[in-house]
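Each remark here refers to the structure printed beneath this line.
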């Protein structure tokens, strides 16, 4: 019997959905009005008496962050001269053509890197070095090319130190 009664109430509500919706909206409006009136009821003295808690920036106290910021400012105070910033500004991620051009350049550089790595593995170090220099000239932040260049130049640096 209870199930039938619930079904009957549900059907009556569906037939009068417009009144139910209006009732819910009026209840929400009443709550919002009450909140507004309550908020406006504060006097200036009450507002001044309750001061906000002081905000504390944890990064200001971190010595590592201070050192990084100071080093960055000392090395390059004008970020417009920074290569990474310049490349980020030039690369418009909302321009499909720009994104496709950037992807094509990266693909070409990766192919050149693979050739240079093959040359290095075959013992053709001067040719590999020349190709890596070309890659790094176009993209100084190409990680694999930088690492391989370090491996190539490491023996030379060790020989210089021994002399």
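A short reminder: the numbers here are calculations on the coordinates, not readings from a lab. Small disclaimer: the values here were computed from a predicted structure and weren't measured. Here the Cβ positions follow ideal geometry from the backbone for every residue, glycine too, while neighbour counts run over all protein chains shown.
Some observations on this one:
- Based on DSSP H segments of at least four residues, each scored -39500 (n - 2.57), the chain has a per-residue ellipticity at 222 nm of -25500 deg cm²/dmol.
- Overall, the anisotropy analysis places segment 95-156 in the prolate class: the square-rooted eigenvalues a ≥ b ≥ c of its C-alpha gyration tensor yield a/c not less than 1.5, with a/b exceeding b/c.
- Labels on offer are [x] 0.97; [y] 1.28; [z] 2.23, and the one holding Cα Rg over 2.2 N^0.38 Å computed from this structure is [z].
- FRET E, pair residue 58, residue 79, Förster distance 30 Å, beta-carbon r, rounded to 0.05: 0.80
- With the simple spin-label model, which puts each label point 7 Å out from Cα in the Cβ direction, the residue 21 to residue 9 separation comes to 2.3 nm.
- Model label zone, residue 86; criterion: amide N under 13 Å from point 7 Å along Cα-to-beta-carbon; scope segment 114-146: 137-141
- Working from label points 7 Å from Cα in the Cα-to-Cβ sense, the residue 110 to residue 95 distance is 2.3 nm.
- Förster radius 22 Å - calculated FRET efficiency between residue 146 and residue 124 (Cβ-Cβ, nearest 0.05): 0.70
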